[in-house]
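See structure below.
Values in this text are rule-based calculations from the coordinates and carry no lab data. Everything quoted here is computed from the prediction, not taken from an experiment. Methodologically, a virtual Cβ is constructed for each residue, glycine included, from the backbone with ideal geometry; neighbour enumeration extends over all protein chains shown.
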């Protein structure tokens, strides 16, 4: 079994994605999409960006490694009557069956960054995108105090065993030098890679920050692993307290609601 597939099928990321819909729509709105376009959403989850892209009239293919998220995405597309949106299982490191130069835009928002072979990911994204097209990525930034997910992953990692030899942290996709090197190895000159900081917001009018952390504990693979490791070491309470304190410190919502902003690196590659 592919360990990355196991990780993302372990929980149910749709429970977290529900807090990301508004920002997903806002990001899509900023892309200047004009149909007809063929778009790949890589590491798409259940369609946080794929659904609003399809609503703009684009033909969208969502690819994700987790079967449960692909099934959820296809259900969302069916319910919304989006017949130009379809979801498939696939690995960002090897987009088997996807022809060269298939898409006008390849988009990956907090998705492909978690694939274990970053140079292969960059190569594949370049390969399947048409000359003259573009690639857009949203990647969490390591150790950024304004990035909620980065801090959540940092805290969680302190409670888990060391990663295996050869492991490449997904957070390196938020480092400019790594981004340039990876796309450079895929044949893209540095001048065609631009990066800027942007913000994603987790929002709910009915769930507060403590309950929000509970959802990560129950449904987000990396956090689930951290709690399992903490339980073996008798440190569940310590991990819980640190994550709840983080959520409360970054929450700008009122009582019983969540509004947590998270800085990320927005990468645009012009081919």
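List the residues of the range 44-79 whose backbone N lies under 15 Å from a point placed 7 Å from the Cα of residue 100 along the Cα-to-Cβ direction.
Answer for this model: none.
With the chain treated as a Gaussian network of Cα nodes joined by springs under 10 Å, which of 240, 151, 196 yields the largest mean-square fluctuation?
196
What percent antiparallel are the DSSP beta bridges of the range 6-163, to the nearest 5?
5
Expressed in nm to one decimal, what extension gain is obtained for the pair residue 168 and residue 25 from 0.36 nm per residue of sequence separation less their Cα-Cα distance?
48.5 nm
Stretched out fully, how many nm does the piece from residue 75 to residue 143 gain, at 0.36 nm a residue minus the Cα gap?
20.9 nm
Measure nothing fancy, just the Cα-based angle from helix 148-157's long axis to the longest principal axis of the chain, in degrees from 0 to 90, nearest 10.
60
Starting from the 7 Å offset along Cα-to-Cβ, what nm value, one decimal, do you get for the label separation of residue 240 and residue 175?
With each label point 7 Å from Cα toward Cβ, the separation is 3.5 nm.
When only alpha-carbon atoms count, how far does the chain stretch along each of its three principal axes, as whole angstroms with the largest first?
Principal extents (largest minus smallest coordinate, Cα): 52, 43, 35 Å.
Assuming a ≥ b ≥ c are the square roots of the Cα gyration tensor eigenvalues, decide whether the range 70-150 counts as rounded (a/c under 1.5), prolate (otherwise, with a/b larger than b/c) or oblate.
Oblate, because a/c is 1.5 or more while a/b does not exceed b/c.
Give the Cα extents of the range 33-87 along the principal axes, in whole Å, largest first.
Computed over the Cα atoms, the extents are 30, 21, 13 Å.
Per 5 Å bin, what is the whole-percent P(r) computed from every C-alpha pair distance within the range 7-108?
2, 14, 25, 27, 19, 10, 2, 0
How many angstrom lie between the C-alpha centres of the range 1-44 and the range 205-236?
Taking the Cα centre of each part, the range 1-44 and the range 205-236 sit 21 Å apart.
Residues in the range 227-271 near a label at residue 191, defined as backbone nitrogen under 17 Å from the 7 Å Cα→Cβ point?
269-271
Roughly what angle does helix 118-128 make with the longest principal axis of the chain, taking Cα atoms, 0 to 90 degrees, to the nearest 10?
30
Give me the Kirkwood hydrodynamic radius of the range 131-211 in Å, from all C-alpha pairs, to one decimal place?
Its Kirkwood hydrodynamic radius stands at 15.3 Å.
With just the Cα atoms defining each centre, how far is the range 62-95 from the range 178-196? Give it in Å.
So the two Cα centres are separated by 28 Å.
Report for the chain the percent antiparallel among DSSP-assigned beta bridges with both residues inside it, nearest 5.
Restricted to the chain, the bridges split so that about 50 percent are antiparallel.
Specify the angular offset, from 0 to 90 degrees and rounded to the nearest 10, of the alpha carbon long axis of helix 67-79 from the longest principal axis of the alpha carbons in the chain.
Taking Cα atoms only, the helix is inclined about 70 degrees.
Across all directions of projection, what mean area in square nanometres is found for the Cα convex hull of the range 78-118?
Computing the convex hull of the Cα atoms and averaging its projections yields 4.1 nm².
Given a Förster distance of 41 Å, report the FRET efficiency between residue 89 and residue 205 from their Cβ-Cβ distance, rounded to the nearest 0.05.
Taking R0 as 41 Å, the efficiency between residue 89 and residue 205 is 0.75.
Kindly give the semi-axes, whole Å and largest first, of the ellipsoid equivalent to the range 167-271, taking each as the square root of 5 times a Cα gyration tensor eigenvalue.
Each semi-axis is √(5λ); the values are 34, 20, 10 Å.
Taking square-rooted eigenvalues a ≥ b ≥ c of the alpha carbon gyration tensor, is the range 219-271 rounded, prolate or oblate, where a/c under 1.5 means rounded and, failing that, a/b exceeding b/c means prolate?
Oblate, since a/c reaches 1.5 and b/c is not below a/b.
Can you pull the Rg over Rh of the range 60-210, Cα-only, Kirkwood?
Result for the range 60-210 is an Rg/Rh of 0.98.
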